[in-house]
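Notes follow the structure.
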Amino acid sequence: MRYPDGGGLTAADRARREQVRLAAAEMIEAGASDGEVARRLRVSRMSANRWRRALAAGGREALASKGAGGAKCKLTEAQVAELEAVLDAGPAACGYEDQCWTLARIADQVWRRFRVEYTLGGVHVLLHRIGWSVQVPARRAAERDEAAVAAWKQETWPVIKGRLSSRAPGWSSRTSPGRV
């Protein structure tokens, strides 16, 4: 799977699969059954049947590859490259005080620079396509005192944790007696 392209097939893989469909068309036209086509081409009978129906409805053109699946990118390759440069420069270069890109901020930058509107989900897909991933920052209070937290874990937590009763609870089942 190709990470930046969101997975899917390469052009060579699509061409190979198209050749399998065209080989199936030849076998179907020669009178082979769906089961025979499936066995010889090592595909499911459902695929062979779907290809038979497509061949009957639209001829060999119906079995041709239609290209890569999914929606086409709204930005040109040059615009995507420019967006990558903007993202690499960081949020501070675009006037944001903290060092955090959010989907909403990226969508805003795409709108300001290219006048192309993206939903937050669309921005997520766009980022995935160019090899970026969404990161969720660790949420911590600004007032957090790491030394006080470490001291609490060392001193107070063992005291609280050690207050468990020493007696194990009983059990009322005849098949599973209580532990002592």
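The values are calculated or read from the model by the stated rules, or taken from the named source; none is laboratory data. Because the structure is a prediction, the values reported are computed rather than measured. No Cβ is skipped: glycine too gets one built from the backbone with ideal geometry, and neighbour counts run over all protein chains shown. Just so you know, the surface numbers come from the protein's heavy atoms only, side chains and all, with ligands and any DNA or RNA stripped out. Shrake-Rupley method; radii C 1.70, N 1.55, O 1.52, S 1.80 Å.
About its Cα centre, the chain has a charge dipole of approximately 1160 debye under the convention of +1 per Lys or Arg Cβ and -1 per Asp or Glu Cβ, with nothing else charged. Just going by the charge dipole of the chain, with Lys and Arg at +1 and Asp and Glu at -1 on Cβ, which of Ala89, Gln109, Val37 is farthest out on the positive end? Checked the options; the winner is Val37. Shown are Glu26, Glu36, whose ranking by accessible area with a 1.4 Å probe and every protein chain present, most to least, is Glu26, Glu36.
The gain in end-to-end length when the Trp157 to Arg42 segment is fully stretched comes to 35.2 nm, 0.36 nm per residue minus the alpha carbon separation.
The base-10 log of I(q)/I(0) for segment 11-63, evaluated at q = 0.27 Å⁻¹, reads -1.06 [Debye formula, identical scatterers on Cα atoms, solvent excluded]. Computed with every protein chain present, the accessible area of Glu29 is close to 120 Å² [probe 1.4 Å]. Evaluated with a Cβ-only charge set (Lys, Arg +1; Asp, Glu -1), segment 11-63 carries a dipole of roughly 220 debye about its Cα centre, given to the nearest 20. Label-to-label distance for Glu82 and Asp98 is 2.9 nm, based on points extended 7 Å past Cα in the beta-carbon direction.
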